[in-house]
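See structure below.
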């Protein structure tokens with residue numbers, strides 16, 4: 001006899017479809033059926049339900065489906081309830097004024113980070129890492145800033161089964177190298193993504209803590225490589241982002257003794 005669970009298969013299938021559309025952007029019924037090894041009639045019923053509830057939209061020019069903004073709005077509401085964006089906004093604005101570079105705040109989402117707010121650099125050359133964008137935690141300044149200050153067993157669980165994809169020549173290649181980097185990040189209090197996800201882009205990030213000393217987010221300065229040395233010399237990105245994250249952490253009741 002198979003073990004009973006509380007899992008509702010149709011709901012699991014619906015989320016599988018939403019997650020697939022998140023990755024592939026836009027697909028037709030047949031494409032979803034083939035990708036998920038799911039009967040076309042089942043896909044059609046689920047898609048019809050998701051469309052009726054406004055979780056997916058249909059492109060009338062090709063009849064394919066994509067996710068709507070409804071899930072983004074729900075996630076956005078959850079973030080607002082945490083108060084992260086509201087409390088972080090003046091700190092992001094301050095760093096943006098000082099550096100004239102793009103400033104971001106992100107939270108951990110499963111094995112990835114997800115950008116929840118940002119202030120764009122006024123400079124002509126910048127990198128498009130938009131709000132809602134998900135990136136791997138292991139090769140981003142924001143992700144490593146959070147991982148470095150989590151309990152080791154939690155990091156191991158998060159990274160279990162992760163494939164270390166080489167996005168650039170400098171991307172960390174395995175868990176051992178990642179842990180070596182995390183030790184150094186803890187010592188400094190901030191991380192440096194040295195062109196590990198995007199060539200030509202450096203990212204300096206520091207963690208934000210809550211009242212219980214748990215990492216809840218990270219903030220960063222994203223700087224094109226050719227502008228980094230001058231800014232580091234004149235401003236001191238590491239010290240600035242570390243101090244800003246510490247001040248923001250105080251807003252959540254964190255007190256480091």
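The values are calculated or read from the model by the stated rules, or taken from the named source; none is laboratory data. Everything numeric in this text was worked out from a predicted model, so none of it was measured. Positions of Cβ are generated from backbone atoms using ideal geometry, with glycine treated the same way; all protein chains shown enter the neighbour counts.
Tabulated data for the structure shown
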{"read-out": "Any hit, region 136-146, residues being assigned to a loop (DSSP other than H, G, I, E, B), assigned by TED's automatic domain parsing to the domain that holds residue 201 and either within 18 Å of residue 209 (Cβ to Cβ) or within 14 Å of the chain's Cα centre (by Cα) (or both)", "value": "yes"}
{"read-out": "Any hit, region 217-228, residues being part of a strand (DSSP E or B), more than 18 Å from residue 97 (Cα to Cα) and within 14 Å of the chain's Cα centre (by Cα)", "value": "yes"}
{"read-out": "Residue in region 158-165 that is surrounded by 13 or more Cβ atoms within 10 Å (Cβ to Cβ) and assigned to a helix (DSSP H, G or I) present", "value": "yes"}
{"read-out": "Flag if residue 247 is at pLDDT 90 or above and in the same structural domain as residue 85 (by TED's automatic domain parsing)", "value": "yes"}
{"read-out": "Residue ranges of helices (runs of 4 or more DSSP H) in region 1-105 with at least 2 members modelled with pLDDT of 85 or more and closer than 20 Å to residue 131 by Cα", "value": "9-24, 84-99"}
{"read-out": "Subset of region 174-201 (residues that are under 20 Å from residue 164 (Cβ atoms) and either in contact with a strand residue (DSSP E or B) (Cβ under 7 Å, 6 or more places away or on another chain) or not assigned by TED's automatic domain parsing to the domain that holds residue 156 (or both))", "value": "185, 191, 192, 193, 194, 195, 197, 201"}
{"read-out": "Filtered residues of region 19-33 (kept if exposed (fewer than 15 other Cβ atoms within 10 Å of the Cβ) and either in contact with a helix residue (DSSP H, G or I) (Cβ under 9 Å, 6 or more places away or on another chain) or assigned by TED's automatic domain parsing to the domain that holds residue 133 (or both))", "value": "22, 24, 30"}
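Here's the yes/no breakdown for (1) at positive phi; (2) touching a residue at least 12 places away in the same chain (Cβ under 8 Å); (3) in contact with a strand residue (DSSP E or B) (Cβ under 7 Å, 6 or more places away or on another chain):
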{"position": "24", "(1), (2), (3)": "no, no, no"}
{"position": "32", "(1), (2), (3)": "no, yes, no"}
{"position": "38", "(1), (2), (3)": "no, yes, no"}
{"position": "45", "(1), (2), (3)": "no, no, no"}
{"position": "66", "(1), (2), (3)": "no, yes, yes"}
{"position": "69", "(1), (2), (3)": "no, no, no"}
{"position": "100", "(1), (2), (3)": "yes, yes, no"}
